[in-house]
Amino acid sequence: MSVDFSKNAKERPEPYNAEVMGTIPDWLQGTLVRNGPGIFSVGETSYDHWCDGMSFMNSFSIKNCKVTHRSRFLRSDTYNSNMASNRIVVSEMGTMAYPDPSKNFLFKAITFLNHTVPDFTDNAASNIIKYGNDYYATSETNYIRKIDPFTLETLDKVDYMKFLPVNLVSSHPHYDREGNVYNVGTSIAEKAKTKYIFFKIPAVTEKEKGKNVPPLKKVEVICTVPCHSLLSPCYYHSFGMTENYIIFIEQPFKLDILRMATAYMRGVNWASCMKFFPEESTLIHLIEKKTGKKVEMKYHTGAMVVYHHVNAYEDDGHVVLDVIAYDDTSLYEMFYLSRLKKDISFQSNGYTKPNYRRFVLPVRSDKGIAVGENMVTLKYTTATAVKQKEGKLECQAEVLCEGFELPRINYDFNGKKHQFIYGNIVEESVLSTQVAKFDTETKKMVYWSEENCWPSEPVFVPRPNAESEDDGVLLIAVINCIPGQSGFLLILDGKTFKEVARAYVNTELHRDMHGFFIPHTN
């Protein structure tokens with residue numbers, strides 16, 4: 001079984017009625033939109049890294065027990081420029097684009113200037129997010145692209161910089177029950193300061209319904225946290241949130257801004273300007289959502305790299321933080337296309353697989369607590385937070401399981417105590433052939449896999465009036481490598497993890513990153 005991950009996708013913008021096997025629950029009504037790289041070569045040029053590929057979106061609309069599929073490339077400025085030139089002319093994180101040798105000196109000089117003070121790509125190929133009533137394709141730059149999630153048409157280009165001084169922004173915001181959205185961005189050397197900006201986009205009010213007001217126009221800054229180093233902000237892909245707190249991990253995986261400014265001239269990509277410092281500790285920031293104030297306690301742990309947060313919640317004077325963590329940066333390195341064409345198993349390459357770590361952060365005062373004492377009093381975890389000195393705790397995580405990635409929960413439990421996690425198994429390889437359900441209480445795992453199939457990240461959809469946390473279904477896009485057979489949307493029961501139905505879409509699906517489910521309203 002093999003998949004060519006550098007193969008360009010083919011779009012199918014017109015809706016196709018999928019062939020359904022099994023019975024789709026009649027309560028399941030909505031659209032799953034998935035996003036990821038889909039074009040890896042243009043003309044004679046190719047991207048070096050899988051994540052650099054141009055955005056390719058798929059939608060699976062479920063209505064009256066039927067499934068309709070369509071797919072489209074995001075018509076970003078990056079896409080239009082590359083296609084017009086018939087070569088890659090816009091640089092991405094892992095691929096530096098250089099002008100056609102036939103271009104004149106002035107063109108080359110302008111290109112050089114654009115890379116010294118980079119204007120990042122709008123190739124939003126990482127996720128789908130919702131601000132207000134609008135949906136956007138996003139990556140991690142200051143540009144997002146508004147889309148129609150049902151037709152997959154590309155709409156407005158939105159620049160965060162017009163509303164907030166942020167150069168980089170997380171592609172995993174959080175949504176509360178009132179419809180407010182929370183996110184974090186990095187402001188690089190703005191007024192001689194580099195800082196992390198935490199912001200909120202308020203929910204749409206009754207007065208605003210039906211009006212075309214850009215959601216970011218109402219953005220509110222919750223707080224700013226200065227970077228430890230002026231020109232070396234840390235990399236992050238997501239963050240945590242509870243009812244009362246935002247949790248931000250400042251990890252020793254850093255972007256060197258000065259090296260980035262000279263990368264084009266030195267003939268290297270921007271990703272080479274990111275460096276992991278294993279000798280440094282990781283700092284966990286706890287921020288009060290309502291006041292924007294940082295909790296005075298300083299939480300430290302060993303060096304690690306976190307891409308995905310699982311969930312966070314409050315329990316008896318503690319914040320419990322669950323993440324998927326790595327001991328190095330090998331995950332990104334594994335996705336260079338030259339490596340994906342080779343053996344990509346962890347064993348053969350000597351890379352560390354991730355583990356699911358639970359940190360516990362005591363929020364109460366440490367006055368009267370002796371140095372060396374563990375301040376965690378929760379009985380169901382072995383995680384510790386040992387006092388080092390006044391106001392500083394050294395945190396040690398409990399490892400719940402290993403080889404688990406792309407975690408998703410029942411989002412109704414976001415910020416609350418959860419029991420079940422759904423995700424992909426990466427025990428043997430970064431390219432998963434299994435999805436699983438993990439029980440954090442029993443530590444048991446149940447799996448789904450099928451020969452010659454590559455499943456995407458599972459997205460949980462709760463049943464209306466659900467009676468338990470796992471009462472719902474999982475939606476999974478599956479690449480099918482069997483000759484003559486198409487990809488399909490797989491629907492699994494959230495409780496039993498057994499197949500409920502599948503919908504063959506009569507086209508080739510491609511590996512993607514993340515997805516967003518939009519319930520249909522009457």
For VAL505, what is the net charge nearby, where nearby means another residue's Cβ is under 11 Å from its Cβ and Lys, Arg count +1, Asp, Glu -1?
+1
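For region 115-217, what D do you get in µm² per second when you plug the Kirkwood radius from alpha-carbon pairs into Stokes-Einstein at 10 °C and 1.306 mPa s?
On the way: Rh = 14.4 Å.
Stokes-Einstein gives a translational diffusion coefficient of 110 µm²/s.
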Output the relative contact order of the chain, whole-number percent, from Cα pairs under 8 angstrom with separation of 6+ residues.
13 percent
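Among residues other than GLU208 whose Cβ falls under 13 Å from its Cβ, what is the net charge (Lys/Arg +1, Asp/Glu -1)?
Numbers: positive: LYS207, LYS209, LYS211, LYS217, LYS218; negative: ASP134, GLU206.
My count for the surroundings of GLU208 gives +3.
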From the Cα centre of region 406-445 to that of region 261-317, the distance in Å is 22 Å
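For region 12-519, report the accessible area per residue in Å² (1.4 Å probe, heavy atoms, rounded to an integer). Spell out each step's value before the answer.
Numbers: 21330 Å² over 508 residues.
I get 42 Å² per residue for this part.
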Between the modelled labels at TYR16 and ASN80 (7 Å from Cα along Cα→Cβ) the distance in nm is 2.8 nm
Sites ILE369 and LYS63, calculated FRET efficiency, Cβ-Cβ separation with R0 56 Å, nearest 0.05:
0.45
At 222 nm, what helix-only mean residue ellipticity would the chain give, in deg cm²/dmol to the nearest 500, using -39500 (n - 2.57) for each DSSP H run of four or more?
-2000 deg cm²/dmol
How about LYS275: which lysines have a C-alpha closer than 17 Å to its C-alpha, ignoring those fewer than 8 places off in the same chain?
LYS254
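Decide, for region 186-271, between rounded, prolate and oblate: order the square roots of the alpha carbon gyration tensor eigenvalues as a ≥ b ≥ c, take rounded if a/c falls under 1.5, and otherwise choose prolate if a/b is larger than b/c, else oblate.
Numbers: a/c = 2.63, a/b = 1.81, b/c = 1.45.
It comes out prolate by the Cα gyration axes.
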Determine ³J(HN,Hα), in whole Hz, for all residues of region 391-397 in sequence, where each value follows from phi through the Karplus function 6.51 cos²θ - 1.76 cosθ + 1.60 and θ = phi - 60°; x replaces Gly and Pro.
x, 10, 10, 9, 9, 10, 7
Mind checking which aspartates and glutamates have their Cα closer than 13 Å to the Cα of LYS211? Skip sequence neighbours fewer than 8 apart in that chain.
ASP134
Global form of region 12-519, assessed from the alpha-carbon gyration tensor, a/c cut-off 1.5
rounded
Amide H proximity to LYS392 below 5 Å, modelled H, separation 5+ or other chain, gives LYS298
Do the alpha carbons of any pairs in LYS218/LYS289; LYS200/LYS379; LYS195/LYS387; LYS157/LYS200; LYS66/LYS498 sit beyond 23 Å of each other, and which pairs?
LYS200/LYS379; LYS195/LYS387
Tensor-based shape of region 341-489 (alpha-carbon gyration tensor, a/c under 1.5 rounded, otherwise prolate or oblate):
oblate
Along Cα→Cβ, 7 Å out, is where each label goes; now give me the distance between the ones at SER338 and THR496 in nm to one decimal.
5.0 nm
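If you add up the charges near GLU92, with Lys and Arg at +1 and Asp and Glu at -1, over every other residue whose beta carbon is less than 12 angstrom from its beta carbon, what do you get? Walk me through the numbers on the way to the answer.
Working: positive: none; negative: ASP48, ASP52, ASP122, GLU140.
Within the 12 Å Cβ shell, the charges total -4.
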Roughly to the nearest percent, how much of the accessible area of region 228-356 is carbon and sulfur, given a 1.4 Å probe?
52 percent
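The values are calculated or read from the model by the stated rules, or taken from the named source; none is laboratory data. Because the structure is predicted, anything quoted here is derived from the model rather than measured. Note that each Cβ is placed from the backbone with ideal geometry, even for glycine, and that neighbours are counted across all protein chains shown. Surface areas here come from the heavy atoms of the whole protein model, side chains and all, with no ligands, DNA or RNA. Shrake-Rupley method; radii C 1.70, N 1.55, O 1.52, S 1.80 Å.
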